[in-house]
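Note sheet for the following structure.
The values are calculated or read from the model by the stated rules, or taken from the named source; none is laboratory data. Just so it is clear, the model here is predicted, and its values are computed rather than measured. Note that each Cβ is placed from the backbone with ideal geometry, even for glycine, and that neighbours are counted across all protein chains shown.
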Amino acid sequence: MDANGSRHLLARLAIGVPVGSRFEVVAIEAGVQLQVGDTGTLVSLEDGRAHLSVDLRGELEVDPHSVTLRQLLQRTA
(Lines give C-alpha, C1' and ligand atoms only; values in the text may rest on other atoms or scores of the structure.)
Protein backbone atom coordinates (compact mmCIF):
# COMPACT_ATOMS: atom_id res chain seq x y z
CA MET A 1 0.00 0.00 0.00
CA ASP A 2 1.41 3.42 -0.92
CA ALA A 3 1.31 6.57 1.24
CA ASN A 4 -1.94 7.83 -0.35
CA GLY A 5 -3.62 4.48 0.23
CA SER A 6 -2.61 4.40 3.87
CA ARG A 7 -3.82 8.00 4.45
CA HIS A 8 -7.15 7.14 2.85
CA LEU A 9 -7.48 4.03 5.02
CA LEU A 10 -6.69 6.01 8.18
CA ALA A 11 -9.28 8.66 7.25
CA ARG A 12 -11.85 5.94 6.49
CA LEU A 13 -11.22 4.26 9.84
CA ALA A 14 -11.34 7.60 11.70
CA ILE A 15 -14.68 8.69 10.25
CA GLY A 16 -16.30 5.27 10.74
CA VAL A 17 -18.28 4.67 7.52
CA PRO A 18 -17.50 3.79 3.89
CA VAL A 19 -17.85 6.30 1.05
CA GLY A 20 -21.39 6.35 -0.35
CA SER A 21 -23.08 5.23 2.85
CA ARG A 22 -25.78 6.96 4.85
CA PHE A 23 -24.63 8.10 8.27
CA GLU A 24 -25.62 9.65 11.57
CA VAL A 25 -23.22 11.95 13.45
CA VAL A 26 -22.39 10.43 16.86
CA ALA A 27 -19.50 12.65 18.03
CA ILE A 28 -17.87 15.91 16.96
CA GLU A 29 -15.01 18.13 18.06
CA ALA A 30 -15.51 21.83 18.83
CA GLY A 31 -15.71 24.06 15.78
CA VAL A 32 -17.30 21.52 13.42
CA GLN A 33 -20.50 22.79 11.80
CA LEU A 34 -22.47 19.64 12.60
CA GLN A 35 -24.62 18.46 15.46
CA VAL A 36 -24.90 15.03 17.01
CA GLY A 37 -27.86 13.35 15.33
CA ASP A 38 -27.39 14.99 11.91
CA THR A 39 -27.77 12.52 9.03
CA GLY A 40 -26.50 12.47 5.48
CA THR A 41 -24.24 10.70 2.97
CA LEU A 42 -20.44 10.44 2.90
CA VAL A 43 -19.66 11.62 -0.64
CA SER A 44 -15.86 11.25 -0.71
CA LEU A 45 -12.59 11.13 1.22
CA GLU A 46 -9.83 13.04 -0.56
CA ASP A 47 -6.65 14.83 0.49
CA GLY A 48 -7.36 14.35 4.18
CA ARG A 49 -10.86 15.85 3.96
CA ALA A 50 -14.27 14.20 4.13
CA HIS A 51 -16.95 15.60 1.82
CA LEU A 52 -20.38 15.17 3.41
CA SER A 53 -23.85 15.78 2.03
CA VAL A 54 -25.80 16.54 5.21
CA ASP A 55 -29.60 16.45 5.23
CA LEU A 56 -31.09 19.94 5.85
CA ARG A 57 -27.59 21.53 6.00
CA GLY A 58 -26.14 21.03 2.52
CA GLU A 59 -22.61 19.98 1.66
CA LEU A 60 -19.68 20.30 4.07
CA GLU A 61 -16.01 19.37 4.12
CA VAL A 62 -14.58 18.27 7.47
CA ASP A 63 -11.43 16.71 8.87
CA PRO A 64 -12.30 13.00 9.19
CA HIS A 65 -10.54 12.92 12.56
CA SER A 66 -12.88 15.61 13.98
CA VAL A 67 -16.15 13.74 13.52
CA THR A 68 -17.36 10.20 14.21
CA LEU A 69 -20.17 8.76 12.13
CA ARG A 70 -22.22 5.61 12.39
CA GLN A 71 -23.61 3.90 9.32
CA LEU A 72 -27.38 3.84 8.98
CA LEU A 73 -28.96 0.70 7.63
CA GLN A 74 -31.05 1.26 4.53
CA ARG A 75 -34.41 -0.41 4.28
CA THR A 76 -35.28 -2.38 1.19
CA ALA A 77 -38.79 -2.80 -0.13
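All of (1) modelled with pLDDT under 90; (2) not in a strand (DSSP E or B) hold for Leu45 with one exception: (2). Restricting attention to region 33-48, the residues that are under 14 Å from Gly16 (Cα atoms) and without any contact (Cβ under 8 Å) to a residue 24 or more places away in the chain total 2. The one condition from (1) in a loop (DSSP other than H, G, I, E, B); (2) over 9 Å from the mean Cα position of the chain (by Cα); (3) free of Cβ contacts under 8 Å to residues at least 40 places away in the same chain that Glu59 does not meet is (1).
Somewhere in region 9-21, is a residue surrounded by 13 or more Cβ atoms within 10 Å (Cβ to Cβ), of a type in the set (A, V, I, L, M, F, W, C), assigned to a strand (DSSP E or B) and at pLDDT below 95? No, region 9-21 has no match at all. Does Glu24 satisfy the condition of being without any contact (Cβ under 8 Å) to a residue 40 or more places away in the chain and either in a strand (DSSP E or B) or in contact with a strand residue (DSSP E or B) (Cβ under 6 Å, 6 or more places away or on another chain) (or both)? Taking the combined requirement at face value, the residue does not satisfy it.
Against the list (1) in contact (Cβ under 8 Å) with a residue 24 or more places away in the chain; (2) surrounded by 12 or more Cβ atoms within 10 Å (Cβ to Cβ), the condition Ser53 fails is (1).
Look at region 1-21: where a residue is within 16 Å of Leu72 (Cα to Cα) and a partner is modelled with pLDDT under 75 and in a loop (DSSP other than H, G, I, E, B), sitting 6+ places away or on another chain with Cβ atoms under 9 Å, you get Ser21/Gln74.
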